[in-house]
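Asks: First the structure, which I've put down as structure tokens, then a few questions once you've had a look.
The values are calculated or read from the model by the stated rules, or taken from the named source; none is laboratory data. Not measured: the values here are computed from a predicted model. Glycine also receives a Cβ, built like all others from the backbone with ideal geometry; neighbour counts cover every protein chain displayed. Keep in mind that these areas ignore ligands, DNA and RNA; they rest on the heavy atoms of the full protein, side chains included. Shrake-Rupley method; radii C 1.70, N 1.55, O 1.52, S 1.80 Å.
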Amino acid sequence: MKRSEQKPSPKCEGSKSNGPNRKQDAQENKRRPASAKSKPETKKTHEPSTSKQGKPTDKSEKQRSPVTPLIKKQPVECEKKKSPAQTANKKQADKCEKEKSSSTPVEKKHTDKNEKQKPAAKKSDKKQTEKSEKQKFPVTSLDKKPTDKCVKEKSQSTSLDKETAKDTAPVNTILKERLSGHQDKCKLSMEEVSPAARAINSFINEFIKELKEISSLNWSSFKSGSYYDKTKNCHPDEFDIMFYPILSVEVNFDDMKIPGFYKVKMVSPRVPELEHVLDKDRYILPDKFKKYVFGLFDRVLGPDGIRQGRRTKRKPTLNPCSPAYTVYYYAFPGKSPIDIDLVPSFYIDGWPPGKIARKINPSWISIDDVVNKAMISYDVVCKTCPEGGADKDLLFRLSFSRTEKMLVKHANSADKLNFKKNAFRFIKLCVQDLKDKHPRKVKKFCSYHIKQFMFTQYDTWPTRESEEVRIQRCLIGELIKTLSLETPTILNYIIINDNVIRYVPSDEIAVIVKGLQEKVKLLH
């Protein structure tokens, strides 16, 4: 072996005296003093571990480095993708950075594979998300567009309590006066209320009396509407009266294609007067029943009918789907007539199944037994179903007017602020102003829709003391957000999956949103 090939041997000098002059070195060590011997020995002992052996140690460490992270191979790879700078060893991190930047073909394949897997994962997540959203807001027969699932996620109203807490805009005396001024516009004049109430009560009593004389059925009535739940604005000039025969009928809930619309079967064994409005299976034909009862109403209010009939004029039917027979009642000479909706219906004991109507339990009503009494019955009315279907001509519309009347009437029972009904009336006034301003554009959006929206807001009503101005502007803000969705959705408070504004045209909703945006500016 050539001498030049033995050059690496000095690197191990001090651990073993290797080399060709071995004996000479031993003799020299013997001749040296003890102090001189110890000094070089100490130096030679520490040098290999610190400096000279540092290079072999680093080299060996590099060789062993792939073995050390074997257990953490997968996490390290993830760390490389996320942030190589977070690696403990700087050289290892630099190496990762070089490998990342150079991007070998193998790594590229892995990267491409991961990129292909990402969309699949998103798709899986989307399916899971849509599945969970269906559980929250099951899709109705009308809402089958892919985007509707996302819209329904947004349609759930934000907690009004949280929204009010986040509202840090100032509330000054001017804003309070503005709101108070609008509330004063809402108030009914007591000088008008009492005479109107007496006139309507007299009208209904005479109406029922005459109806029983010309019909063999036992008729009864129910007073519903904003006047009776104390949310009527401005003037007592609108009343809703339901008229129904005391008969036994049942609703067929087997067909759930259209939320809120179901077939009704006659259970009473023999009803000669209504045999012509039944099909062969004894299901009641709503259109035939409505026309027959409207004919009875014509006779009651005709020349040979009740005395008040001479002061009535039937309102032209603009919407054939409407279940109401509307008349203008000129109760007071020289004053505007009272608008009365006479609605044929059937009264039904009990409560629909849980898959049809939810059992309500509002925390905002504190009076004992009100909620239980609110769920003992419901009605069906002859509202024509706007959608097509094999049994479209047999479908009645569920009505929970009795329940809603009790809920609204006692809405302030657990409210320290005593503001729920005032807030409802204020929004109704805003929408009525828009109807007066745009009579040809705002036609279908009505107080019933606002009522369903308000019930949901009552569930998250602020529990802490707050200014009425702040609550009111947050309420209008929530309504604007709800109507501004791609598919505007106000869910029925009782009927499952029923979007009550699904038939309101989008251009009409756009006018309402724009008008409400102007209204809410008055409270900022």
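Asks: Mind checking which residues of segment 386-418 are under 21 Å from K187 (Cβ atoms), in a loop (DSSP other than H, G, I, E, B) and at pLDDT 90 or above?
Replies: H410
Asks: Here's another thing I want to ask about it. How many of the residues making up segment 455-466 are over 21 Å from K405 (Cα atoms), in contact (Cβ under 8 Å) with a residue 60 or more places away in the chain and surrounded by fewer than 20 Cβ atoms within 10 Å (Cβ to Cβ)?
Replies: 3
Asks: Suppose we filter D304, D298 for residues that are in a loop (DSSP other than H, G, I, E, B) and charged (D, E, K, R); which single one remains?
Replies: On inspection, the qualifying residue turns out to be D304.
Asks: For the condition at positive phi and either at pLDDT below 85 or of a type outside the set (V, I, T) (or both), what is the one hit in C234, C186?
Replies: C234
Asks: Do we have any residue at all in segment 326-339 that's among the acidic types (D, E), within 20 Å of S401 (Cβ to Cβ), open to solvent by less than 70 Å² (accessible area, probe 1.4 Å) and in contact with a strand residue (DSSP E or B) (Cβ under 8 Å, 6 or more places away or on another chain)?
Replies: Checking segment 326-339: at least one residue is among the acidic types (D, E), within 20 Å of S401 (Cβ to Cβ), open to solvent by less than 70 Å² (accessible area, probe 1.4 Å) and in contact with a strand residue (DSSP E or B) (Cβ under 8 Å, 6 or more places away or on another chain).
Asks: Between V511, V442, which is outside any helix (DSSP H, G or I), closer than 30 Å to G388 by Cβ and among the β-branched types (V, I, T)?
Replies: Of V511, V442, the one residue that is outside any helix (DSSP H, G or I), closer than 30 Å to G388 by Cβ and among the β-branched types (V, I, T) is V442.
Asks: Now for a separate question. Hey, among L274, L285, L318, which residue is among the hydrophobic types (A, V, I, L, M, F, W, C), free of Cβ contacts under 8 Å to residues at least 24 places away in the same chain and farther than 26 Å from A199 by Cα?
Replies: L318
Asks: Give the residues of segment 341-373 that are of a type in the set (A, V, I, L, M), open to solvent by less than 70 Å² (accessible area, probe 1.4 Å) and modelled with pLDDT under 95, sorted by residue number.
Replies: I360, I365, V370, V371
Asks: Select from segment 386-416 the residues that are among the β-branched types (V, I, T) and touching a Lys or Arg at 6+ places or on another chain (Cβ under 8 Å) and list them in ascending order.
Replies: The answer is V408, and nothing else.
Asks: Scan segment 237-258 for residues that are in a loop (DSSP other than H, G, I, E, B) and crowded, with 21+ Cβ neighbours inside 10 Å and jot them down.
Replies: I258
Asks: Filter segment 433-454 down to the residues that are farther than 25 Å from I360 by Cα and surrounded by fewer than 19 Cβ atoms within 10 Å (Cβ to Cβ) and list them by number.
Replies: D433, K435, D436, K437, H438, P439, R440, K441, K443, K444
Asks: Which of the residues that make up segment 205-236 are open to solvent by 10 Å² or more (accessible area, probe 1.4 Å) and hydrophobic (A, V, I, L, M, F, W, C)?
Replies: I208, I214, L217, F222, C234 - these are the residues of segment 205-236 that are open to solvent by 10 Å² or more (accessible area, probe 1.4 Å) and hydrophobic (A, V, I, L, M, F, W, C).
Asks: Give I208, I174 a once-over and let me know the one that is β-branched (V, I, T), outside any strand (DSSP E or B) and in contact with a strand residue (DSSP E or B) (Cβ under 7 Å, 6 or more places away or on another chain).
Replies: When all the criteria are applied, what remains is I208.
Asks: Would it be correct to say that D433 is closer than 30 Å to Y283 by Cα, part of a helix (DSSP H, G or I) and either at pLDDT 95 or above or not aromatic (F, W, Y) (or both)?
Replies: Spelling it out, it is not the case that D433 is closer than 30 Å to Y283 by Cα, part of a helix (DSSP H, G or I) and either at pLDDT 95 or above or not aromatic (F, W, Y) (or both).
Asks: Then there is this: Report, by residue number, each residue of segment 269-294 that is loosely packed, with under 11 Cβ neighbours inside 10 Å and under 43 Å from the mean Cα position of the chain (by Cα).
Replies: Listed by number, the residues that qualify are K280, D281.
Asks: In addition: Looking at K421, K335, K355, K383 in this structure, which one is in contact with a Lys or Arg (Cβ under 7 Å, 6 or more places away or on another chain) and part of a loop (DSSP other than H, G, I, E, B)?
Replies: K383
Asks: Let me ask something else about it. Across segment 468-487, what is the number of residues that are crowded, with 20+ Cβ neighbours inside 10 Å and either part of a loop (DSSP other than H, G, I, E, B) or without any contact (Cβ under 8 Å) to a residue 40 or more places away in the chain (or both)?
Replies: Qualifying residue count for the region: 1.
Asks: Something else: Out of the residues in segment 379-422 meeting the condition of being open to solvent by 50 Å² or more (accessible area, probe 1.4 Å) and without any contact (Cβ under 8 Å) to a residue 24 or more places away in the chain, tell me which one is farthest from Y262 (Cα to Cα).
Replies: That would be N418.
Asks: Residues R307, R311: which one is open to solvent by 90 Å² or more (accessible area, probe 1.4 Å) and not aliphatic (A, V, I, L, M)?
Replies: None of the others qualify; the one that does is R307.
Asks: Need the failing condition index for G334 against (1) of a type outside the set (V, I, T); (2) modelled with pLDDT of 95 or more; (3) over 21 Å from D229 (Cα atoms), just the number.
Replies: With (1) of a type outside the set (V, I, T); (2) modelled with pLDDT of 95 or more; (3) over 21 Å from D229 (Cα atoms) applied to G334, the lone miss is (2).
Asks: Is it true that some residue in segment 310-318 is under 34 Å from the mean Cα position of the chain (by Cα) and in a loop (DSSP other than H, G, I, E, B)?
Replies: There is at least one residue in segment 310-318 that is under 34 Å from the mean Cα position of the chain (by Cα) and in a loop (DSSP other than H, G, I, E, B).
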